[in-house]
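A.B. asks: Take this structure, written in structure tokens, and hold onto it; I'll ask about it next.
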Amino acid sequence: MNEESDPVLITKNIQKLFFLGALLLLVLLLGGCGNGMDSFNDPKSLMKTPQMTTERENLLSVIQGELPEGSTITQPREMSNKIIQKDLNNDGVMEAVVFYDLPDDPEIKIRGMLLEKQGDTWVKKLTFDGIGSVLNSFRVQEITGDAGLEIVAGFSSGVEQNAQNWLVSYSYKGGTLQKILEMPYTKYVITDEFRNPMDMNGDGINDLTIMNILPTTGQGTITVYQYNDGSFEPIDKLTIDTRMRDFYNVSAGKISQDKTGIVLDIALDASNSYSNLIYMENNQLVEAFKGTDITFKPRRILSEDINNDGIIEFGLLEEPPGWEHFVDNEKLYFYSFYQWDGKDDLKFVMQQYRDDQDRFYFNLKPEQHGNVTLDTKSVKDKYLRFKLTDTDETVAEIQFFSLDSWERVKDEWKQIVRSSNQVIGYRLPKQVGQIAPGGKVKNDPEQEGMIME
């Protein structure tokens, strides 16, 4: 589907999972009809845990047997993988890496374990110490250019916002593990959004980009490193003059049609933020826009490839036409996403209305930008009417119903989200001037194939 062909109304993934779960339950129930009523009477017969492969089960069993008493496998804060299996040293033998906690050790709180596959089982080869008390993330990635894979782990001294982070990398060669990197970081980038290694300066060599916020000044620094002769050496370093609170999001990849770089979403305080686009030219880091004016927004918006064209867009808040004179706490906003053109201008890509609680969002077609607004009688969390600015024709309606009210109107409206005390529904007119009818809802069989994931 061309995602720009219609406005799109989208529920959160939890609704999709609920729908799929309900469908699976129905299949299981129907499948049990030929075997009497046992499957109706015993709920346990309808529920099965995901089956672990024999090899994975064997690996987990070996790891559990090697853990010190009282220790448990550590779940990284920023990812779901607890165990990674890769051929680290390119010798045809699979290795596995896992981290575990040491609650009774006064000095070392996190330790790593490396195992090798030998025949049908796994054997522990070595352990190594982590840093701090929290494992933020870890991955196995090639960053030295020697055809092997390195273990890259982010550690922290705690979970609070001002906790110190350390990035550490280990190289496994000749049966031994060597620490090749240890430095403080706030955020780091080694791959783009497609998990491809980042090459900021385009020289064909993978690099590592470290972002830090200086605690004394609140300024941010971006440094690009490459591995050379046994150590990581800086190619260039850039200091952002703006005083900031946090890098709340980092996206890496294509930032324009012909430039690769990083989009930093930077929090200035609890609400205000802006986006900074960074790339390299002649081995020097460059900011696409100086200062905060062009990309400033009074809310935090995550930069992303919103239209799946391979280029990262950044979001801005825009007032719908007619809402200019409302006070700030009464205003409703559109989220508008833009691309950098690689020079001095921006290209509009998409506009959305987003529910504050992230229960749904409504996409407008690019040609509707500036031609569709929200009726000024709309009230957040009660009733929203999208209309054409010149003719007042309705494009879509969204309304919040009590459960009793929903039963009376459900033949006229379609459900977006249902909770324990309300239903959010939408309705579309049969004809909307020259604008194609919009509003596509996940899990709506009548609109199958028109859903943007």
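The values are calculated or read from the model by the stated rules, or taken from the named source; none is laboratory data. Predicted model only: the values in this text are computed from it and were never measured. Counting neighbours? That spans all protein chains shown, and the Cβs are built from the backbone with ideal geometry, glycine included. Note: areas computed on protein heavy atoms with side chains; ligands, DNA, RNA excluded. Shrake-Rupley method; radii C 1.70, N 1.55, O 1.52, S 1.80 Å.
A.B. asks: Go through the range 141-165 and give me each residue that's at pLDDT below 95 and part of a strand (DSSP E or B).
C.D. replies: GLN141
A.B. asks: Go through (1) modelled with pLDDT of 95 or more; (2) open to solvent by 60 Å² or more (accessible area, probe 1.4 Å) for LYS117 and report which single condition fails.
C.D. replies: Every listed condition holds for LYS117 apart from (2).
A.B. asks: Of all residues being among the polar types (S, T, N, Q) and farther than 21 Å from THR144 by Cβ in the range 196-233, which is least open to solvent (accessible area, probe 1.4 Å)? Just the residue, please.
C.D. replies: Within the range 196-233, the match that is least open to solvent (accessible area, probe 1.4 Å) is THR221.
A.B. asks: May I pose another question? Specify which of the listed residues (LYS377, LYS347) is of a type outside the set (A, V, I, L, M), within 26 Å of ILE255 (Cα to Cα) and open to solvent by 70 Å² or more (accessible area, probe 1.4 Å).
C.D. replies: From the options LYS377, LYS347, the qualifying one is LYS347.
A.B. asks: If GLU182 meets every condition in (1) over 22 Å from THR144 (Cβ atoms); (2) of a type in the set (Asp, Glu); (3) at pLDDT 95 or above apart from one, which number is that one?
C.D. replies: With respect to (1) over 22 Å from THR144 (Cβ atoms); (2) of a type in the set (Asp, Glu); (3) at pLDDT 95 or above, GLU182 is out only on (1).
A.B. asks: Do any strands (runs of 3 or more DSSP E) lying entirely in the range 339-404 carry at least 3 residues that are out of contact with any Phe, Trp or Tyr (no Cβ under 6 Å at 6 or more places or on another chain) and over 30 Å from PHE289 (Cα atoms), and which ones are they?
C.D. replies: By residue number, 383-388, 394-402.
A.B. asks: So in the range 267-302, with the set limited to residues that are among the aromatic types (Phe, Trp, Tyr) and closer than 14 Å to SER256 by Cβ, which one is nearest to the chain's Cα centre (by Cα)?
C.D. replies: TYR279
A.B. asks: For the range 309-343: of the residues being closer than 21 Å to ALA267 by Cβ and among the acidic types (Asp, Glu), which is most open to solvent (accessible area, probe 1.4 Å)?
C.D. replies: ASP328
A.B. asks: Could you count how many residues in the range 170-195 are closer than 17 Å to GLU78 by Cβ, free of Cβ contacts under 8 Å to residues at least 60 places away in the same chain and either open to solvent by less than 40 Å² (accessible area, probe 1.4 Å) or of a type in the set (A, V, I, L, M, F, W, C) (or both)?
C.D. replies: Number of matching residues: 3.
A.B. asks: If I filter the range 114-132 for residues that are outside any strand (DSSP E or B), without any contact (Cβ under 8 Å) to a residue 40 or more places away in the chain and touching a strand residue (DSSP E or B) at 6+ places or on another chain (Cβ under 7 Å), do I get at least one hit?
C.D. replies: Looking through the range 114-132, at least one residue is outside any strand (DSSP E or B), without any contact (Cβ under 8 Å) to a residue 40 or more places away in the chain and touching a strand residue (DSSP E or B) at 6+ places or on another chain (Cβ under 7 Å).
A.B. asks: Kindly evaluate PHE99 against the criterion of being open to solvent by 10 Å² or more (accessible area, probe 1.4 Å) and either modelled with pLDDT under 95 or not hydroxyl-bearing (Ser, Thr, Tyr) (or both).
C.D. replies: no
A.B. asks: From ILE294, ILE311, ILE240, ILE266, which residue is of a type in the set (A, V, I, L, M) and over 30 Å from THR217 (Cβ atoms)?
C.D. replies: Criteria check complete, one pass: ILE311.
A.B. asks: If I filter the range 386-409 down to residues being among the small types (Gly, Ala, Ser) and farther than 18 Å from GLN351 by Cβ, which single residue comes out as least open to solvent (accessible area, probe 1.4 Å)?
C.D. replies: SER405
A.B. asks: Inspect all residues belonging to the range 24-38 and state whether any of them is within 32 Å of the chain's Cα centre (by Cα), modelled with pLDDT of 50 or more and either farther than 30 Å from ASP358 by Cβ or assigned to a helix (DSSP H, G or I) (or both).
C.D. replies: No, the conditions are met nowhere in the range 24-38.
A.B. asks: Let me ask you something else. Could you pull out the residue among ASP258, ASP246 that is within 25 Å of the chain's Cα centre (by Cα), in contact (Cβ under 8 Å) with a residue 60 or more places away in the chain, surrounded by fewer than 13 Cβ atoms within 10 Å (Cβ to Cβ) and farther than 30 Å from THR389 by Cβ?
C.D. replies: Step by step, each of ASP258, ASP246 is checked, and only ASP258 is within 25 Å of the chain's Cα centre (by Cα), in contact (Cβ under 8 Å) with a residue 60 or more places away in the chain, surrounded by fewer than 13 Cβ atoms within 10 Å (Cβ to Cβ) and farther than 30 Å from THR389 by Cβ.
A.B. asks: Another question about this same structure. Among the residues of the range 355-374, count how many are open to solvent by 20 Å² or more (accessible area, probe 1.4 Å) and either among the polar types (S, T, N, Q) or at pLDDT 95 or above (or both).
C.D. replies: The number of residues fulfilling the criteria is 2.
A.B. asks: Continuing with the same structure: Assess whether ASP87 counts as being touching a Ser or Thr at 6+ places or on another chain (Cβ under 6 Å) and within 28 Å of ASN165 (Cα to Cα).
C.D. replies: Judged against the criteria, ASP87 is not a match.
A.B. asks: Same structure, new question: Any residue at all in the range 139-158 that is buried (at least 19 other Cβ atoms within 10 Å of the Cβ), more than 23 Å from LEU264 (Cα to Cα) and among the aromatic types (Phe, Trp, Tyr)?
C.D. replies: No; the residues of the range 139-158 include none that is buried (at least 19 other Cβ atoms within 10 Å of the Cβ), more than 23 Å from LEU264 (Cα to Cα) and among the aromatic types (Phe, Trp, Tyr).
A.B. asks: Return a yes/no flag: does the range 78-86 have any residue that is open to solvent by less than 60 Å² (accessible area, probe 1.4 Å), closer than 26 Å to GLY230 by Cβ and touching a residue at least 12 places away in the same chain (Cβ under 8 Å).
C.D. replies: yes
A.B. asks: Now for a different question. For GLY218, state whether it is more than 20 Å from the chain's Cα centre (by Cα), over 23 Å from LEU268 (Cβ atoms) and either modelled with pLDDT under 95 or β-branched (Val, Ile, Thr) (or both).
C.D. replies: no
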